[in-house]
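Taking it in order: structure first as structure tokens, then the write-up.
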Amino acid sequence: MGANSSSISELPENEYLQKLSGSEPISENDPFWNQLLSFSFTTPTNSADLKLLEEATISVCKSLVEKNPRTGNLGSLIKVFLSRTKELKISAECQNHLFIWQAHNALFIICCLLKVFISRMSEEELQLHFTYEEKAGPSSYGAECEDLIEELLCCLIQLIVEIPLLDITYSISLEAVTTLIVFLSCQLFHKEILRESFIHRYLMHGRCLPYTSRLVKTLLYNFIRQERSPPPGTHVFQQQTDGGGLLYGIASGVATGLWTVFTLGGVGSKASAQLEQCSPLASQSLLLLLVLANLTDTPDTPNPYRQAIMSFKNTQDNTAFSSSNPHAFQINFNSLYTALCEQQKSDQATLLLYMLLHQNSNVRTYVLARTDIENLVLPILEILYHVEERNSHHVYMALIILLILTEDDGFNRSIHEVILKNITWYAERVLTEISLGSLLILVVIRTIQYNMTRTRDKYLHTNCLAALANMSAQFRSLHQYAAQRIISLFSLLSKKHNKVLEQATQSLRGSLGSNDSPLPDYAQDLNVIEEVIRMMLEIINSCLTNSLHHNPNLVYALLYKRDLFEQFRTHPSFQDIMQNIDLVISFFSSRLEQAGAELSVERVLEIIKQGAVALPKDRLRKFPELKFKYVEEEQPEEFFIPYVWSLVYNSAVALYWNPRDIQLFTMDSG
């Protein structure tokens with residue numbers, strides 16, 4: 001690659017890259033660095049572009065991996081970057097593009113190299129690349145080497161939290177977030193969960209620790225603001241008409257030394273158009289936040305980033321911070337709520353919402369007090385409605401969020417008071433007007449039915465039924481379609497129960513006199529289906545005993561399909577719970593018979609409403625209140641860490657890892 005290179009294929013021959021990866025040590029004061037770092041090109045904005053760049057420069061990286069322990073050139077490059085960053089804040093305030101431009105370029109190269117190093121070597125080997133010390137003479141022997149890793153990590157965090165976010169600093173802020181993700185990416189190359197890593201130790205102890213709350217707060221605000229990437233060229237050095245001529249001359253004179261302006265795989269066109277629709281910095285910041293929040297606790301130190309997420313408060317909250325948590329801070333909850341409502345289409349935003357509702361009581365209390373809760377619940381319901389298009393983890397998170405919300409009686413009451421018009425994404429039936437509560441019931445029942453016919457995941461069933469159970473005592477003015485679907489689900493379960501019973505009976509008959517083949521485990525299938533039927537009967541009973549007079553449509557649907565319940569009246573598993581349902585069916589059937597034949601729907605509903613007042617409530621047997629609480633399983637990191645890193649692998653901006661190298665989770669495709 002000569003002085004005017006513009007092709008990726010020429011990069012391996014570039015004299016500056018060859019010198020960087022060569023056998024000669026380069027002093028951090030060498031003019032070479034100005035030439036190396038004065039390139040101007042559109043930074044890769046997606047994994048495909050970065051893959052092209054990485055493949056083109058792999059020979060350079062391999063050479064550096066081999067020779068760096070003897071040359072220390074990676075360390076010199078990091079020291080050059082560290083020296084450039086000292087001027088960054090002032091450079092941003094003064095709109096000095098040159099310092100920011102070169103610092104960004106240095107960090108971009110460091111990040112690219114680190115990613116290759118981390119994927120190819122152990123922690124011990126990696127540390128060796130940071131501990132080179134030139135032996136100038138006997139006096140330097142045994143001198144402590146400055147810890148470049150901690151210095152670099154601390155510098156990256158300072159850059160994120162202290163440099164104002166402007167058009168000219170956007171790219172370097174994004175690169176700093178990306179580099180921290182890369183530093184932590186060693187987890188990708190291990191099947192087991194890394195409980196202690198030297199990077200974790202640096203981030204949870206020492207010089208990085210005091211920045212914990214500021215880093216979490218900044219990453220959250222990056223997510224909230226959703227700042228779009230500035231137009232191409234804003235972040236690189238540009239000619240200035242007012243007093244910038246000399247600086248431009250310096251920059252343009254050396255820009256051809258490495259890369260003249262070029263794009264990777266059409267970055268300047270197609271990818272840029274995609275990025276205009278989103279915020280790379282917001283997306284990357286959220287991924288880093290999730291990674292940090294899921295670092296495992298060490299025996300002597302709980303994860304400070306998780307502590308910060310668990311304890312932050314609203315800016316309007318004037319109560320004193322607890323002295324037991326040094327990482328607490330304040331943030332604008334209204335802005336956070338708005339961003340969470342708008343971003344639920346992504347797995348990572350749903351995962352953040354789950355973490356906040358589950359771990360931060362301040363956020364949970366605030367969310368449950370909102371009078372526009374439909375803005376949050378509707379996107380969650382839409383995730384569940386399109387269950388076949390979502391990955392199972394995203395569906396789980398959405399369901400658990402509903403379960404956490406339904407633990408609150410105020411939520412269960414208020415959702416029936418919110419009336420929605422024309423839910424366009426609900427395709428089974430035109431819903432011109434329906435309460436949020438009835439829509440929630442419809443979507444959860446649809447999820448159960450989908451699961452029964454497709455995935456047959458007991459965990460999914462359990463969470464769906466638990467959410468319905470939590471709501472059941474507060475059902476109010478159920479939409480006729482929601483009432484029908486509750487009974488239709490019971491009908492489906494009843495048919496499934498009969499089918500399994502029939503199969504078990506036939507299997508037993510066929511096996512008499514033959515001990516050669518083992519029997520299918522129909523007993524287990526029967527047990528599972530009976531558990532679900534029992535739960536559905538308890539949900540119906542809970543509604544009838546607590547709010548029968550509020551739900552004439554459910555009584556109507558119950559009477560219309562009363563024959564369904566006959567077979568369960570004498571069944572030992574359901575006799576107790578059937579007493580109330582049987583009493584309600586008998587009571588209202590009797591009143592309808594007295595009213596005569598050929599009754600209109602309107603007349604039947606009128607009789608039900610009148611009967612609801614006359615029904616002697618003391619004849620209904622009392623059962624314990626149906627209440628289910630979400631509890632995280634033991635060792636949740638076994639689920640969450642692979643999940644978070646799969647999101648990073650699939651969603652991170654301009655990060656690419658060879659799928660063959662990934663050990664933490666199974667790749668869906670090669």
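The values are calculated or read from the model by the stated rules, or taken from the named source; none is laboratory data. It should be emphasised that the depicted structure is a prediction, and the values quoted were computed from it without experimental measurement. Cβ sites come from the backbone with ideal geometry, for glycine too, and all protein chains shown count toward neighbours. Calculation scope for accessible area: heavy atoms of the full protein, side chains included, ligands and nucleic acids excluded. Shrake-Rupley method; radii C 1.70, N 1.55, O 1.52, S 1.80 Å.
Quick notes on this structure:
- Within the straight-line cut-off of under 12 Å between alpha carbons, none of the aspartates and glutamates are reachable from Lys561, sequence neighbours fewer than 8 places apart in one chain being disregarded.
- Gain on full stretching of the segment that runs from Lys458 to Glu632 - 0.36 nm per residue minus C-alpha separation: 61.0 nm
- Straight-distance crosslink candidates among aspartates and glutamates, where the alpha carbon sits under 13 Å from Lys629 and sequence neighbours closer than 8 are dropped: Glu407, Asp408, Asp409
- When Thr178, Thr462 are compared by accessible surface with a 1.4 Å probe, the order from highest to lowest is Thr462, Thr178.
- For the range 147-224, trypsin sites (Lys or Arg not before Pro) meeting the loop criterion (DSSP other than H, G, I, E, B) and having at most 11 other Cβ atoms within 10 Å: Lys191.
- Cleavage-rule hits (trypsin sites (Lys or Arg not before Pro)) in the range 390-469: DSSP loop, at most 13 neighbouring Cβ within 10 angstrom: Arg429, Arg454, Arg456
- Axis angle, to the nearest 10 degrees, between helix 47-71 and the longest C-alpha principal axis of the chain: 50 degrees.
- Ranked from largest, the principal axis spans of the Cα set of the range 575-616 equal 33, 19, 15 Å.
- The range 391-497: Rg to Rh, with Rh as the Kirkwood radius over Cα pairs: 0.95
- Summing charges over neighbours of Glu593, with a neighbour being any other residue whose Cβ is under 15 Å away from its Cβ, gives +2 when K and R count +1 and D and E count -1.
- Net +/- balance of residues flanking Glu433 in space, Cβ distance below 14 Å, scoring K and R +1, D and E -1: 0
- The length gained on full extension between Ser27 and Thr505, counted as 0.36 nm times the residue separation minus their Cα-Cα distance, comes to 163.7 nm.
- Note on the chain: helix-only mean residue ellipticity at 222 nm, from DSSP H runs of 4+ residues weighted -39500 (n - 2.57) and normalised by residue number, equals -18500 deg cm²/dmol.
- Given their separation in residues at 0.36 nm each and the Cα-Cα distance between them, Asp297 and Asp147 gain 51.7 nm when the chain is fully extended.
- Neighbours of Ala56, meaning other residues whose beta-carbon lies under 12 angstrom from its beta-carbon, give a summed charge of -4 when Lys and Arg score +1 and Asp and Glu score -1.
- Straight-distance candidates among the aspartates and glutamates for linking to Lys496, with alpha-carbon spacing under 17 Å and chain neighbours fewer than 8 residues away dropped: Asp457, Asp521, Asp525, Glu530, Glu531, Asp563, Glu566.
- Placing a pseudo-label 7 Å from each Cα along the Cα-to-Cβ vector at Asp618 and Gln127 gives an inter-label distance of 7.7 nm.
- Sparse packing (at most 13 other Cβ atoms within 10 Å of the Cβ) combined with a DSSP loop state is found for the following trypsin sites (Lys or Arg not before Pro) in the range 533-601: Arg569.
- In terms of distances greater than 32 angstrom between alpha carbons, the cross-link table entries Lys313/Lys458; Lys86/Lys217; Lys191/Lys495; Lys421/Lys609; Lys191/Lys345; Lys89/Lys191 yield Lys313/Lys458; Lys191/Lys495; Lys89/Lys191.
- Average projection area in nm² (convex hull over Cα atoms of the chain, one quarter of hull surface): 39.9 nm²
- Ratio of the Cα radius of gyration of the range 418-560 to 2.2 N^0.38 Å, where N counts its residues: 1.25
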